[in-house]
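A short reminder: the numbers here are calculations on the coordinates, not readings from a lab. The model shown is predicted, which means the values in this text are computed figures rather than measured ones. Glycine gets a Cβ as well: all are built from the backbone with ideal geometry, and neighbour counts include every protein chain shown.
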Amino acid sequence: MDADSGGGVFIVGCGYVGQAVALRLRARGVRVTGLTRNPDTAAALERAGISALIAELSGDAWHSRVPEGIAAVVNCVSAGGGGLEGYRRSYVEGMQSLLRWARPRPGIRTVVYTGSTSVYPVSGGAEIDETAPVGGGERAQLLLEAERLLLAEPAAFRAFVLRLAGIYGPDRDHLARQVRAGAISGRPEVHLNLIHRDDAAAGVEAVLRAAPGIPGGIYNLADDGAATRGEVVAWLASRLGVPPPVFTGEEGPRREGPAPDRIIRSRRARDLLGWRPQYPDFRAGYAGFVSP
């Protein structure tokens with residue numbers, strides 16, 4: 001692992017997943033520096049022994065504040081609101097700024113970007129891997145542009161894109177709250193591809209520990225659940241002790257068109273990175289933090 005060899009790790013976007021990655025690495029004695037827009041997150045990182053910078057990734061003001069000796073960079077940035085312009089600023093302009101900073105630093109050996117499986121528009125219940133067609137609405141195009149920027153870089157470092165399924169975990173229980181409220185967006189027959197926050201963070205760690213011969217590129221990260229939204233909701237209702245909710249048939253406010261019905265597979269991450277989800281399905285994951 002780059003960090004195990006003595007180099008530090010720089011994590012930009014220390015939000016829900018990025019902060020989890022930072023804490024996991026710090027617990028193993030890795031020197032970590034985090035960048036966040038949120039002063040409260042910065043304070044929490046500092047209390048955990050992690051150096052924190054407060055800045056907007058898309059700007060360049062932070063470039064001179066990163067300590068020397070960085071061997072690996074993890075980009076876990078999220079949109080942070082602001083609609084399409086927020087997406088462009090965080091993902092595209094943020095990646096452009098990150099690469100401007102990284103290019104002249106020969107010590108950087110690995111750059112990881114946590115993207116999204118929302119870039120797969122395939123439907124019909126098909127099982128898909130990293131070779132499936134990509135596309136979709138404007139948000140998906142911005143996510144893909146960030147991927148292209150990273151993967152088009154010269155081979156100065158290994159570049160990895162981890163396309164994450166729908167992230168859930170402690171303090172991110174939107175679906176459970178919908179079940180309690182009695183109304184669920186979307187359609188029950190559509191497959192819901194999920195990944196627990198801790199498994200997403202473990203996937204980033206697996207990349208950082210990957211042997212030199214492991215190729216960069218695109219890797220999906222999703223659990224083994226392959227359950228429909230209806231199955232997940234029925235289980236949550238039973239666990240919460242509430243009546244089964246009503247499906248509205250309407251998509252969430254950030255969804256561009258109907259949700260695609262497909263099953264995301266992560267065989268490449270398993271075969272090449274040795275990654276295995278600690279929470280192989282939604283039951284294992286939700287049981288840890290959802291109770292009546």
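Just a few scattered comments:
- Summarising the label geometry, the points placed 7 Å from Cα in the beta-carbon direction at Glu138 and Glu250 lie 2.1 nm from one another.
- Taking Cβ atoms as reference points and 15 Å as the exclusive limit, the residues near Leu45 contribute a net charge of +4, counting Lys and Arg as +1 and Asp and Glu as -1.
- Of all the options Ala132, Ala226, Ala206, the one that moves most in a Gaussian network model of the chain with Cα springs shorter than 10 angstrom is Ala132.
- Between region 1-69 and region 231-292, the alpha-carbon center distance in angstrom: 29 Å
- Segment Asp40-His174, extension gain: residue separation times 0.36 nm, minus the distance between their alpha carbons: 46.0 nm
- In a fully extended conformation the segment linking Gln96 and Ala183 would gain 27.3 nm over its present Cα-Cα distance, using 0.36 nm per residue.
- Legend: ranking of residues Val242, Val111 from fewest to most surrounding C-beta atoms inside 10 Å; resulting order Val242, Val111.
- Extension reserve of the Arg65-Glu153 stretch, reckoned as 0.36 nm per residue once the Cα distance is removed: 29.4 nm
- For the chain, the share of DSSP beta bridges that are antiparallel, to the nearest 5, is 10%.
- The alpha-carbon atoms of region 121-251, seen along their principal axes, cover 55, 30, 23 angstrom, with the largest extent given first.
- Its residues counted as N, the chain yields a C-alpha radius of gyration over 2.2 N^0.38 Å of 0.99.
- Computed FRET value (nearest 0.05) for Leu240 with Gln278, which takes r as the C-beta separation and R₀ as 30 Å: 0.85
- Residue-averaged 222 nm ellipticity for the chain, from DSSP H runs of 4+ at -39500 (n - 2.57), nearest 500: -8500 deg cm²/dmol
- Put in order of Cβ neighbour count within 10 Å, fewest first, the listed residues Ser118, Ser291, Ser123 become Ser291, Ser123, Ser118.
- Taking Thr41, Thr248, Thr117 in turn, the Gaussian network model of the chain (Cα-Cα springs below 10 Å) assigns the largest fluctuation to Thr248.
- Taking a sphere under 10 Å around the Cβ of Gly285 and counting the other residues whose Cβ falls inside, with K and R at +1 and D and E at -1, yields a net charge of -2.
- Least to most buried among Ser266, Ser58 (fewest other Cβ within 10 Å first): Ser58, Ser266
- Distance between region 74-107 and region 124-199 - C-alpha centres, whole angstrom: 18 Å
- Cα convex hull of region 180-292 - mean projected area over all directions, nm²: 7.9 nm²
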